[in-house]
1. Pairs of alpha-carbon atoms within less than 8 angstrom and 6+ residues apart define the contacts here; what relative contact order does the chain have, in percent?
2. Compute the length gained on full extension between K83 and E58: take 0.36 nm times their separation in residues and subtract their Cα-Cα distance, giving the result in nm to one decimal.
3. Hey, if you drop one equal point scatterer on each alpha-carbon of the stretch 60-146 and run the Debye formula without solvent, what base-10 log of I(q)/I(0) do you get at q = 0.11, 0.18, 0.24 Å⁻¹?
4. When the Debye formula is applied to the Cα atoms of the stretch 1-59, each taken as the same point scatterer, what base-10 log of I(q)/I(0) results at q = 0.31 Å⁻¹?
5. Based on the Cβ-Cβ distance of E21 and D101, what FRET efficiency does E = 1/(1 + (r/R0)^6) give at R0 = 41 Å, to the nearest 0.05?
6. Amide H to amide H, which residues 5 or more places from L37 or on other chains are under 5 Å from it, using H placed in the peptide plane?
7. Just add up the charged neighbours of T84: K/R +1, D/E -1, any other residue whose Cβ is under 10 Å from the Cβ of T84.
8. Which is farthest toward the positive dipole end of the stretch 33-136 among V88, G102, P46, measuring Cα position about the Cα centre, with Cβ charges +1 (Lys, Arg) and -1 (Asp, Glu)?
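Here, each number is a calculation from the coordinates, and none is a lab measurement. Note that the coordinates shown come from a computational prediction; the quantities given were computed from them, not determined experimentally. Backbone-built Cβ (ideal geometry, glycine too); neighbour counts: all protein chains shown.
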Amino acid sequence: MQYSEKVMDHFMNPRNVGEIENADGIGTCGNPVCGDLMTFYLRIEPRIEDPNKACISEIRFKTFGCGAAIAVASMASEMVKGKTLSEVTAMSRDDVANELDGLPPIKMHCSNIGVQAIQEAVKDYLKKIGRDDLAGKIKGCPDKKH
Ligand code: FES
C-alpha cells in the first residue's frame, strides 16, 4: 500500500492532538468493521443570530485508529480551523482525502469517520445551544454503538 508524503507527514507529526477542557462540542465516530474510533473537541466562536456562521476557533482530537486515521484526523483538524459550521458540515471524506493527495481505496472509510466525528461535534454544540432544529439536519456518524 502506497501512502502519499502528506499522509506520512501527518501520521508522523500529527497536528492538534489532545483534548479541550470544557469543549463547546465533542463528537465521536467509529467504524464497526475495523473497530477504530476518533473523537474531536471543538471551541466555537458563537454567532447567536446565525449559528451556522459560528466559527471553529480551536480543535483537538484523539484517535484509537490506524495510521491513515491519524493522518486524516490531523489534516481534517487543520482544514476546519477558522471555518464556519455550515462550511464544516458541507465537507466530505473526499475533501480530506484529496487534501492528503489521496488515500488507498480500502482506507477511504478512515476519512469518512474523521469527517463524521467532526460533524458529530458540531451537532453536539448545536444541541447544547438549543438548536436541535439545525443539529437534526446534519448527518453525523451513522454508527452510534461506540
Ligand atoms: Fe479503520 Fe483506518 S482501518 S479507521
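1. Values: 286 pairs, mean separation 43.1, N = 146.
Here the relative contact order equals 30 percent.
2. Working: separation 25, 0.36 × 25 = 9.00 nm, distance 1.03 nm.
Using 0.36 nm per residue and subtracting the Cα-Cα distance, I get 8.0 nm.
3. With no solvent term, the Cα-only Debye profile gives -0.29, -0.76, -1.24.
4. -1.14
5. Details: r = 34 Å, r/R0 = 0.83.
Rounded to the nearest 0.05, the efficiency is 0.75.
6. F64, G65
7. Details: positive: R47, K53, K83; negative: E45, D50, E87.
Local net charge: 0.
8. P46
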